[in-house]
Amino acid sequence: WDETHFGKMGSYYINRTFFFDVHPPLGKMLIGLAGYLSGYDGTFPFQKPGDRYEHHNYVGMRGFCAFLGSCLVPFAYLTVLDLSKSLPAALLTAFILIFDTGCITLSQYILLDPILMFFLMGAVLSMVKCNTCADRPFSTSWWFWLSLTGVNLAGAMGVKFVGLFVVLLVGLNTIYDLWDLLGNLSLSLVTFGKHLLARVLCLIVLPLALYTAMFAVHFAVLNKSGPGDGFFSSSFQSQLIGNNLHNVSVPEHLAYGSVVTMKNLRMAGGYLHSHWHLYPEGVGARQQQVTAYLHKDLNNLWIIKKHDSNTADLLDPSSPVEFVRHGDIIRLEHKETSRNLHSHQHEAPLTRKHFQVTGYGINGTGDSNDFWRIEVMGRKTGKLIKVLRSRIRLTHVATGCILGSSGKTLPKWGWEQVEVTCTPYLKETPNSLWNVEDHINPKLPNISLDVLKPSFLEILLESHMVMIRVGHFFSPKDNEVTSKPWHWPINYQGLRFSGVNETDYRVYLLGNPVIWWLNLVTIGLYLLMAISTTVALKRGVQLTSELKELSQVLLHGGGQITLGWLLHYLPFFMMGRVLYFHHYFPAMLFSSMLTGITWDTLLKFCTRFLSPSTTARKVYGGGILVLVLLTMYSFYLFHPLSYGMIGPMASDPNSPMAGLRWMESWEF
């Protein structure tokens, strides 16, 4: 499963090979570092799930992720202990996480999720610890926990962008704290200013500095050309050793007969590309597909021709060189298939009111719909066109539309490449601008282009634009089980992690059903208890000091955890990208902590009405023990989900898992 991605990315760091991923780099860097320190040499290909590691030392990378996943238990234990001041509540939370099959499965492989959850829970624990030091501000322990919160926020953000949710949680907690301090009239405004400045330094400046430093290390380590080059601009690629633009020497000015590649200036816009495949029936004219492709490929090569003459004359060594100039009318012939870049008034495949772009003609012979006017932004007619530097626009002579990349991903028939259209809207946007990247012409002298190296801030901005843009168009792979957010809390459907045959060990990501359904019931129970307590306090009901303390734990401690659950769950309902079951696990950590606090509070409240105290203690202890034993027994039943099952499906009476398929949607 995803070990094929993140294990491979760890290898890229060890080999210093540049790659692209939609997530920030910290998680993959740590996986690579763990592999390097444990003796892994970065040579395993990570091609498909089920490949044997053989002699490759993969245990260090898995062990690192498993260690961070194991840390979730003490982090949750300490967080609940601080919020509830109750050892049984903290122990119940710890047992829930120890015996959850989903947390075990997700933590024992080379994945980003245990690393993300480690920093997320670290940030929550540090925030809670800092709050407990509120009575001694600016002490060593207060500074330590405040700074550690900032470090963990940077870590969470540096692994995945969903780390933003814990940043939001800490941000809301900080605003609440500052508002409370502002209302404390015993504090001078100078002291309040110090509080504000401390939080700005530790929770904004420090995380941003660390987050930026991660990318600085990322770009410094990955200095060799690799599979991620094509996602980035020409100037970015020029810094990568082994890239054809690194220390490049090419003909400086474009000439007729030159073989070129053209890159769209839109972030992750791709190279102008064609291949032998035709558009399918019902999608415009049934002619050769023209797309934008994000990777370097021979099908990205085009020959620049005059619109009214043959290229053979131009390639004759004795014929004079004729440069392409701003305003010229040209033809672009696809080198591999000898078809011309062509457009007409058939509608584009995906973008309404745009025209279709195709490959047309035989051996370079086509019609007048193959003519394009080449223009350079900000230049006058007759000026020469420079490689890499000139920003080019291609206008279709017959229709007046402009060649561009829409950024939309084509379906399977278009090999999930990016749609190229001819837009009748004449706005100047990066979508409709191109630059010439590769340039081959044996008749011209090569000149070492002193390419303007981008600054670090430009690289940082570009990498984020590409991550956001590509992540937005993320699509599921073949046979992959995607899900909807409402599926997750009810444990509706799991994910196959490995194995397809009855003889394979099969691991299935599914939460321990008893734990997950207990967590789900607890959320409803908590809301009921919180509303009842709030109404009772509002109506002035007289409470004993012990009940006041319980209501404080329920509303303040439970409230913080509930807010964390909401922030890590509700945003997924608004996301347009493809979603998977494992996206819920950060929210599951919060619901598990809420279960510990809620049941502890409920049992304490119920035992208030029992006497003598020995009976009350027995009922309270018995209640906690029943919940713990329930989680342990359910783990005993479902543990093969995490450690591997063999044999027929659970729906078969002969299966060792027969009788445990409690929902039709479970596929183990």
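The values are calculated or read from the model by the stated rules, or taken from the named source; none is laboratory data. Every value quoted in this text rests on a predicted model; they were computed, and no experiment measured them. Glycine also receives a Cβ, built like all others from the backbone with ideal geometry; neighbour counts cover every protein chain displayed. Heavy atoms of the whole protein, side chains included, go into the accessibility calculation; ligands, DNA and RNA do not. Shrake-Rupley method; radii C 1.70, N 1.55, O 1.52, S 1.80 Å.
One table, with the values for the structure above:
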| quantity | calculated |
| --- | --- |
| In the stretch 506-531, the residues that are hydroxyl-bearing (S, T, Y) and surrounded by fewer than 24 Cβ atoms within 10 Å (Cβ to Cβ) | T522 |
| Residue within the stretch 242-253 that is open to solvent by less than 50 Å² (accessible area, probe 1.4 Å), more than 28 Å from V470 (Cα to Cα) and not in a loop (DSSP other than H, G, I, E, B) present | yes |
| Failed condition for V22, given (1) buried (at least 17 other Cβ atoms within 10 Å of the Cβ); (2) in contact with a helix residue (DSSP H, G or I) (Cβ under 7 Å, 6 or more places away or on another chain) | (1) |
| Check on I96, within 23 Å of V159 (Cα to Cα) and not assigned by the TED database to the domain that holds Y508 | no |
| Every residue from the stretch 254-290 that is farther than 18 Å from L341 by Cα, open to solvent by 30 Å² or more (accessible area, probe 1.4 Å) and small (G, A, S) | G282 |
| Number of positions in the stretch 33-53 that are surrounded by 15 or more Cβ atoms within 10 Å (Cβ to Cβ) and in contact (Cβ under 8 Å) with a residue 40 or more places away in the chain | 1 |
| The stretch 603-615 residues that are closer than 19 Å to L87 by Cβ, paired with ones that are of a type in the set (V, I, T) and surrounded by 10 or more Cβ atoms within 10 Å (Cβ to Cβ) (beta carbon under 6 Å, 6 or more apart) | T607/V619 |
| Tally, over the stretch 430-448, of residues that are open to solvent by 50 Å² or more (accessible area, probe 1.4 Å) and assigned to a loop (DSSP other than H, G, I, E, B) | 4 |
| Looking only at the stretch 124-160, and only at residues there that are open to solvent by less than 20 Å² (accessible area, probe 1.4 Å) and over 17 Å from A198 (Cα atoms), the one that is farthest from the chain's Cα centre (by Cα) | L125 |
| G269 without any contact (Cβ under 8 Å) to a residue 60 or more places away in the chain and either in contact with a Cys (Cβ under 6 Å, 6 or more places away or on another chain) or not hydrophobic (A, V, I, L, M, F, W, C) (or both) | no |
| Qualifying positions in the stretch 632-660 - over 32 Å from the mean Cα position of the chain (by Cα) and either closer than 16 Å to T101 by Cβ or not in a loop (DSSP other than H, G, I, E, B) (or both) | M632, Y633, S634, Y636, L637, A650, P656, M657, L660 |
| Subset of the stretch 541-564 that is part of a helix (DSSP H, G or I) and of a type in the set (S, T, N, Q) - its residue that is surrounded by the fewest Cβ atoms within 10 Å (Cβ to Cβ) | S545 |
| Any hit, the stretch 501-514, residues being part of a helix (DSSP H, G or I) and either touching a Ser or Thr at 6+ places or on another chain (Cβ under 8 Å) or over 30 Å from K48 (Cα atoms) (or both) | yes |
| Residue ID - nearest to L111 (Cα to Cα), chosen from residues in the stretch 1-18 that are open to solvent by 10 Å² or more (accessible area, probe 1.4 Å) and in contact with a Phe, Trp or Tyr (Cβ under 7 Å, 6 or more places away or on another chain) | E3 |
| Some residue of the stretch 212-230 being touching a helix residue (DSSP H, G or I) at 6+ places or on another chain (Cβ under 6 Å), modelled with pLDDT under 90 and within 26 Å of N431 (Cα to Cα) | yes |
| Of the criteria (1) modelled with pLDDT of 95 or more; (2) open to solvent by less than 70 Å² (accessible area, probe 1.4 Å); (3) among the aliphatic types (A, V, I, L, M), which one I204 fails | (2) |
| Selected residue (only one of Y77, Y109 is of a type in the set (S, T, Y), in a loop (DSSP other than H, G, I, E, B) and either in contact (Cβ under 8 Å) with a residue 40 or more places away in the chain or buried (at least 20 other Cβ atoms within 10 Å of the Cβ) (or both)) | Y109 |
| Subset tally (residues that are within 18 Å of G359 (Cα to Cα) and either at pLDDT below 85 or open to solvent by 30 Å² or more (accessible area, probe 1.4 Å) (or both)) for the stretch 401-414 | 1 |
| The one condition in (1) at pLDDT 90 or above; (2) in contact with a Phe, Trp or Tyr (Cβ under 8 Å, 6 or more places away or on another chain); (3) not small (G, A, S) that D367 fails to fulfil | (1) |
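Residues checked against (1) assigned to a strand (DSSP E or B); (2) surrounded by fewer than 17 Cβ atoms within 10 Å (Cβ to Cβ); (3) small (G, A, S):
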| position | (1), (2), (3) |
| --- | --- |
| A292 | yes, no, yes |
| K296 | no, no, no |
| N299 | no, no, no |
| I304 | yes, no, no |
| S318 | no, yes, yes |
| G327 | no, yes, yes |
| G359 | yes, no, yes |
| G378 | no, yes, yes |
| G382 | no, yes, yes |
